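Engineer: There's a structure below that I have some questions on.
Just so it is clear, none of the values below were taken in a lab; they were calculated from the coordinates. What you are looking at is a predicted structure, and each value in this text was computed from that prediction instead of being measured. For neighbour counting, all protein chains shown are included, and Cβ atoms are generated from backbone atoms with ideal geometry for every residue, glycine included.
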Amino acid sequence: AQSVTQPDIHITVSEGASLELRCNYSYGATPYLFWYVQSPGQGLQLLLKYFSGDTLVQGIKGFEAEFKRSQSSFNLRKPSVHWSDAAEYFCAVGVPEGGGNKLTFGTGTQLKVEL
Amino acid sequence: EAQVTQNPRYLITVTGKKLTVTCSQNMNHEYMSWYRQDPGLGLRQIYYSMNVEVTDKGDVPEGYKVSRKEKRNFPLILESPSPNQTSLYFCASRRRENQPQHFGDGTRLSIL
């Protein structure tokens, strides 16, 4: 079965600093990969996704992520963090299962931005 | 506006009192899912549905039921709620198997 690991539970960065959130997955083939963001009291919003092709994907709000097959990783990056980026971030992998597509989430990384 | 709507947003109830959380989507999506979110555990899938009258168990289905009589609706039923079902619940939908999910705003359930 597939699994997703987000090794950092909490991360604190200063506004304007760069950000990298780590995500590693375990699966025998290349899965579909997603990053979602959750602001307090709200649902999850899709930041970006990777299905195939170019391993560097661009998302909304200035985020990007790079798929590295050799490392089974899909790390999320942003060159300059804004205070409004403070939220919880979830990495997810989708794999074919039972004629559908099973989505498995990581446990999340809580981002705090210091002004 | 494309959206997934859950009701209620908040509910406090007592052990054993049956409850239903409704979920409706207006995007004509085939796939719908229910998740629960607990601190330190991320989101775990409870049940999913690939189309009308087609449902299957996710990772944590015990104590829950679902139905999919219409494409737009996917209610979550707790026949006899217990305190360990206190959690934040999300409904989600997507068009096809490899498309991103659209999430509702969540339902916070407290079972006393």
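Engineer: In the stretch B:1-82, what chymotrypsin sites (Phe, Trp or Tyr not before Pro) fall in a loop by DSSP, with at most 11 other Cβ atoms inside 10 Å? Write down the numbers at each step before the final one.
Structural biologist: Details: sites: B:Tyr10, B:Tyr31, B:Trp34, B:Tyr35, B:Tyr47, B:Tyr48, B:Tyr64; in loops: B:Tyr64.
Of the chymotrypsin sites (Phe, Trp or Tyr not before Pro), not one in the loops of the stretch B:1-82 has a Cβ with at most 11 other Cβ atoms within 10 Å.
Engineer: Which whole-number value in Å³ per residue fits the convex hull of the alpha carbons of the protein assembly as shown? Intermediate values should be presented prior to the final figure.
Structural biologist: On the way: hull volume 28.0 nm³, N = 227.
Taking the convex hull of the Cα positions in the protein assembly as shown, it is 123 Å³ per residue.
Engineer: A follow-up question, please. Count the lysine pairs in the protein assembly as shown whose Cα atoms sit under 21 Å apart, keeping only pairs 8 or more residues apart in sequence or on different chains.
Structural biologist: Qualifying lysine pairs in the protein assembly as shown: 18.
Engineer: Another one. State the antiparallel share, in %, of DSSP beta bridges confined to chain B, rounding to the nearest 5. Could you put the intermediate results ahead of the total?
Structural biologist: On the way: 33 of 37 bridges.
Restricted to chain B, the bridges split so that about 90 percent are antiparallel.
Engineer: Let me ask you something else. DSSP loop GluC sites (Glu not before Pro) in the stretch B:15-112 with at most 12 other Cβ atoms within 10 Å of their Cβ, which ones?
Structural biologist: Values: sites: B:Glu30, B:Glu53, B:Glu62, B:Glu70, B:Glu79, B:Glu97; in loops: B:Glu30, B:Glu53, B:Glu62, B:Glu70, B:Glu79, B:Glu97.
Those satisfying the criteria are B:Glu53, B:Glu62, B:Glu70, B:Glu79.
Engineer: So, one more: What does the structure give for A:44-57 when I average, per residue, the other chain Cβ atoms found within 10 Å of the residue Cβ?
Structural biologist: Details: counts 12, 3, 5, 1, 1, 3, 0, 2, 1, 0, 0, 0, 0, 0.
Taking the mean over all residues of the peptide, I get 2.
Engineer: So between B:Ile77 and B:Leu112, what do we pick up on full extension, going 0.36 nm a residue minus the alpha carbon distance?
Structural biologist: On the way: separation 35, 0.36 × 35 = 12.60 nm, distance 1.71 nm.
That pair, B:Ile77 and B:Leu112, stretches by 10.9 nm at full extension.
Engineer: Can you grab the distance from the C-alpha centre of the stretch B:25-66 to the C-alpha centre of the stretch A:37-115, Å, no decimals?
Structural biologist: 20 Å
Engineer: Quick one: the Cα spread of chain B along its three principal axes, in angstroms, biggest first?
Structural biologist: 37, 28, 26
Engineer: To continue, here is another question. Over the alpha carbons of chain A, what is the largest minus smallest coordinate on each principal axis, giving the biggest first in Å?
Structural biologist: Computed over the Cα atoms, the extents are 46, 30, 23 Å.
Engineer: Let me ask something else. Can you compute the modelled spin-label distance between B:Thr86 and A:Glu15, with each label point 7 Å from Cα toward Cβ, in nm?
Structural biologist: Taking the two extended label points, one gets 3.6 nm.
Engineer: Something else: Please give me the summed charge of the neighbours of B:Gln85: other residues whose Cβ is under 15 Å from its Cβ, Lys and Arg +1, Asp and Glu -1.
Structural biologist: Numbers: positive: B:Lys17, B:Lys18, B:Arg36, B:Arg44, B:Lys65, B:Arg108; negative: B:Asp38, B:Asp59, B:Glu62, B:Glu79.
Counting the neighbours of B:Gln85, the net charge comes to +2.
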